[in-house]
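Since the structure comes first, as structure tokens, the remarks are kept for the end.
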Amino acid sequence: MKRRGRFITLEGGEGVGKTTNLDSIRSFLEGVGIEVVTTREPGGVPIGERLRELIVTEKSLLPEAELLLLFAGRVHHVHELILPALAQGKWVVSDRFVDASFAYQGGGRGMPWQRIEYLEEWLLKECKPDLTLLLDAPVEVGLERARARGEVNRFEDEALAFMQRVRRTYLSLGQRYPDRIKRIDVTQSLPRVQREIMHYLQPLVDAWRE
């Protein structure tokens, strides 16, 4: 019987380098012989990608609608991609997952945490990350990097106060779940950031192979 794969998520505000570091994680895992699936939220599967376009561009979305659309896409993402890949012994690395809803819709939009927790328990109880890497930087630094890319979506265009609430919520989640969520200061050089990431990945790889 195949061993279940491992599920790794990358979290953080805008402009913290999730895409760059996701690629380095994939290269590292493939280099040690692990089959890897990389994905993102919103998105990951066809329905999720269609919903993503609406979520990141439609400025009239109410907070409640935004949250429900995210979870609608997430249900398909989990059942069509994440759980099947894990069952096949593959590792899944996702750019964002449920923690993002707590940070953006909970912290940023002020949605009650209990509603997000209810949706998570109802819809996703089978699917929890084994490791979450919280890529963290001061909001001003992240937004400057995001805007330098020239691709500003409606989240990157939010007010500074919104993004400060998002960051505070992420840091609070890290304190609540210290065994799972590992904060990494991405204001350091990229090689140092990647060394820290590998520091947290290696024990997971070693334990999986035992």
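Which numbered condition in (1) part of a helix (DSSP H, G or I); (2) touching a strand residue (DSSP E or B) at 6+ places or on another chain (Cβ under 7 Å); (3) not hydrophobic (A, V, I, L, M, F, W, C) is the only one that residue 9 fails?
(1)
Residues are listed down the side, and each one gets a yes or a no for (1) free of Cβ contacts under 8 Å to residues at least 12 places away in the same chain; (2) out of contact with any strand residue (DSSP E or B) (no Cβ under 9 Å at 6 or more places or on another chain):
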| position | (1), (2) |
| --- | --- |
| 100 | no, no |
| 106 | no, yes |
| 116 | no, yes |
| 121 | yes, yes |
| 130 | no, no |
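Residue 209 versus (1) under 23 Å from residue 67 (Cα atoms); (2) at pLDDT below 95: which is the lone unmet condition?
Against the list (1) under 23 Å from residue 67 (Cα atoms); (2) at pLDDT below 95, residue 209 comes up short only on (1).
Count, please, the residues in the range 54-94 that happen to be β-branched (Val, Ile, Thr), exposed (fewer than 15 other Cβ atoms within 10 Å of the Cβ) and closer than 30 Å to residue 208 by Cα.
So the answer is 0.
When the residues of the range 31-53 are narrowed to those that are among the β-branched types (Val, Ile, Thr) and part of a loop (DSSP other than H, G, I, E, B), which ends up nearest to residue 208 (Cα to Cα)?
Out of the qualifying residues, it is 34.
Looking at the range 97-118, can you tell me whether even one residue there is polar (S, T, N, Q), at negative phi and at pLDDT below 95?
no
Residues 27, 60: which one is assigned to a loop (DSSP other than H, G, I, E, B) and over 20 Å from residue 146 (Cβ atoms)?
60
Taking the range 20-51 as the search range and keeping residues that are under 24 Å from residue 103 (Cβ atoms) and among the aliphatic types (A, V, I, L, M), which one is surrounded by the fewest Cβ atoms within 10 Å (Cβ to Cβ)?
Residue satisfying both the conditions and the ranking: 47.
The values are calculated or read from the model by the stated rules, or taken from the named source; none is laboratory data. Not measured: the values here are computed from a predicted model. Note that each Cβ is placed from the backbone with ideal geometry, even for glycine, and that neighbours are counted across all protein chains shown.
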